[in-house]
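*Asks:* One structure, as structure tokens, below. Some questions next.
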Amino acid sequence: MALWNTSVSESPTGNRLIELLLLVSCGLVATVTGDPKVFSLPLHRSERRSVEKRDHAGVLLENDYPYGLYWVNATVGTPGQLVQLQIDTGSSDVWVFGPHSCVQSTSPCLSGYYDGSQSSTYKLIDRGGFNITYQDNSGARGDYVSDNFAIGAVGIKDLTIAVATEATGAGTGTGVMGIGFDSDESIVASGGKPYKNIIDVMVDQGLINSRAYSLWLNDVGAQTGTILFGGYDTGKFRGKLVALPIQPDQTGQITSMSVAWTSLSITDPTQGTQTLTGSNFAQPVILDSGTTLTYVPPDLYY
């Protein structure tokens, strides 16, 4: 089992193994005691690979794990329109395909789409305000809107989401449920102010007590896992949670699930375990559920 617990204080100061539990707290670390407000959803594993979103280290090591993403079922609007969304700790916007953004050859809406004109609770917030581009030049652009949103049996009122009017090379065919920090929202990168993202809104509407969630990806061969909003399930791990401080970006801000990577070792059947890094090695790495890829510095690869 691999186990990470990442948390952020109010003041900003890999290869995946068999099982992974990731607890993220955007302000408070949740403990499931007393009468907590938490809810869980099943995660589904897809065989399609997700897009590559970043290339900070320069050299790509692709594992041979065949599954590309984890997704949940959701509904948007009134009445609800079913979509499937990739769970992504590496981004912060919830975005769905719009009815005119689907191009079968480049960005098919394999997971469904949302038509605001068919929803009685749709509200336009910012036409053309959404624009996200990934490392491989795929991406989406469109409008920020608000509408009712439901995952499992939990309904969220007036959630701000993005509706793609154009998508390029979105090879997964799914929208994205970004659950990162609001400082990493697309609108912030364009010079705008952050809005309350889905985790913030769940707290505000009393659906969960803490801005926290945990991912349990299950066994390496399993088709499903679990995401728990508001805390973590002590039955999903053994031993103690290990807390790792979130690392700020170059401007001193907390924008991603970045932690310090301090060692890398490889194990060879004939030569045993060999440590590839020195005692002073330190690199920021992002814990990102939206990709199966691991990036390493070039001097470790060659």
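The values are calculated or read from the model by the stated rules, or taken from the named source; none is laboratory data. Bear in mind the structure is a predicted one, so any value in this text is a computation, not a measurement. For neighbour counting, all protein chains shown are included, and Cβ atoms are generated from backbone atoms with ideal geometry for every residue, glycine included.
*Asks:* Taking the conditions exactly as written (part of a loop (DSSP other than H, G, I, E, B), in contact with a Ser or Thr (Cβ under 7 Å, 6 or more places away or on another chain) and of a type outside the set (Phe, Trp, Tyr)), does Thr267 satisfy them or not?
*Replies:* So Thr267 does not fit the description; no.
*Asks:* Also, quick follow-up: Only one of these is closer than 30 Å to Ala189 by Cβ and either of a type in the set (Asp, Glu) or part of a loop (DSSP other than H, G, I, E, B) (or both): Ser256, Ser279, Ser214. Name it.
*Replies:* Matching residue, one of Ser256, Ser279, Ser214: Ser256.
*Asks:* Hey, another quick one. Whether any residue in the range 147-168 is surrounded by 19 or more Cβ atoms within 10 Å (Cβ to Cβ), in a loop (DSSP other than H, G, I, E, B) and over 18 Å from the mean Cα position of the chain (by Cα) is what I want to check.
*Replies:* Within the range 147-168 (the criterion being surrounded by 19 or more Cβ atoms within 10 Å (Cβ to Cβ), in a loop (DSSP other than H, G, I, E, B) and over 18 Å from the mean Cα position of the chain (by Cα)), the answer is no, since none of the residues qualifies.
*Asks:* Name the single residue, out of those in the range 246-262 being surrounded by 14 or more Cβ atoms within 10 Å (Cβ to Cβ) and not β-branched (Val, Ile, Thr), that is farthest from the chain's Cα centre (by Cα).
*Replies:* Trp261
*Asks:* Quick check on Leu300: is it of a type outside the set (Phe, Trp, Tyr), farther than 22 Å from Val94 by Cα, in a strand (DSSP E or B) and touching a Ser or Thr at 6+ places or on another chain (Cβ under 8 Å)? Before you say what the answer is, go through the steps one by one.
*Replies:* Details: of a type outside the set (Phe, Trp, Tyr): yes; farther than 22 Å from Val94 by Cα: yes; in a strand (DSSP E or B): no; touching a Ser or Thr at 6+ places or on another chain (Cβ under 8 Å): yes.
So Leu300 does not fit the description; no.
*Asks:* Of everything in the range 217-229 that's assigned to a loop (DSSP other than H, G, I, E, B) and in contact with a strand residue (DSSP E or B) (Cβ under 6 Å, 6 or more places away or on another chain), which residue is surrounded by the most Cβ atoms within 10 Å (Cβ to Cβ)?
*Replies:* Leu217
*Asks:* Next question. Restrict the check to the range 190-200 and report whether at least one residue is touching a His at 6+ places or on another chain (Cβ under 9 Å) and within 20 Å of Gly290 (Cβ to Cβ).
*Replies:* The answer is no, given that none of the residues of the range 190-200 is touching a His at 6+ places or on another chain (Cβ under 9 Å) and within 20 Å of Gly290 (Cβ to Cβ).
*Asks:* Which numbered condition trips up Ile208, out of (1) in contact with a helix residue (DSSP H, G or I) (Cβ under 8 Å, 6 or more places away or on another chain); (2) among the hydrophobic types (A, V, I, L, M, F, W, C); (3) part of a strand (DSSP E or B); (4) buried (at least 21 other Cβ atoms within 10 Å of the Cβ)?
*Replies:* Going through the list (1) in contact with a helix residue (DSSP H, G or I) (Cβ under 8 Å, 6 or more places away or on another chain); (2) among the hydrophobic types (A, V, I, L, M, F, W, C); (3) part of a strand (DSSP E or B); (4) buried (at least 21 other Cβ atoms within 10 Å of the Cβ), Ile208 breaks only (3).
*Asks:* Let me ask something additional. Based on what the data block shows, is Ser186 surrounded by fewer than 19 Cβ atoms within 10 Å (Cβ to Cβ), hydroxyl-bearing (Ser, Thr, Tyr), at pLDDT below 95 and within 24 Å of Gln250 (Cα to Cα)?
*Replies:* Considered against the rule, which asks whether it is surrounded by fewer than 19 Cβ atoms within 10 Å (Cβ to Cβ), hydroxyl-bearing (Ser, Thr, Tyr), at pLDDT below 95 and within 24 Å of Gln250 (Cα to Cα), Ser186 comes out as no.
*Asks:* Looking at the range 94-125 only, could you name the residues that are more than 23 Å from the chain's Cα centre (by Cα) and at pLDDT 95 or above?
*Replies:* Result: Asp115, Gly116, Ser117, Gln118, Ser119, Ser120, Thr121, Tyr122, Lys123, Leu124, Ile125.
*Asks:* Hey, does the range 267-290 have a residue that's small (Gly, Ala, Ser), touching a Gly at 6+ places or on another chain (Cβ under 8 Å) and buried (at least 17 other Cβ atoms within 10 Å of the Cβ)?
*Replies:* yes
Every residue, every condition in (1) in contact with a strand residue (DSSP E or B) (Cβ under 9 Å, 6 or more places away or on another chain); (2) farther than 18 Å from Asp93 by Cβ; (3) modelled with pLDDT under 95, yes or no:
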{"site": "Asp143", "(1), (2), (3)": "yes, no, no"}
{"site": "Val163", "(1), (2), (3)": "yes, no, no"}
{"site": "Ala167", "(1), (2), (3)": "yes, no, yes"}
{"site": "Ala170", "(1), (2), (3)": "yes, no, yes"}
{"site": "Ala212", "(1), (2), (3)": "yes, yes, yes"}
{"site": "Leu215", "(1), (2), (3)": "yes, yes, yes"}
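*Asks:* If a residue must be closer than 13 Å to Leu264 by Cβ and hydrophobic (A, V, I, L, M, F, W, C), how many such residues does the range 279-302 contain?
*Replies:* The total comes to 5.
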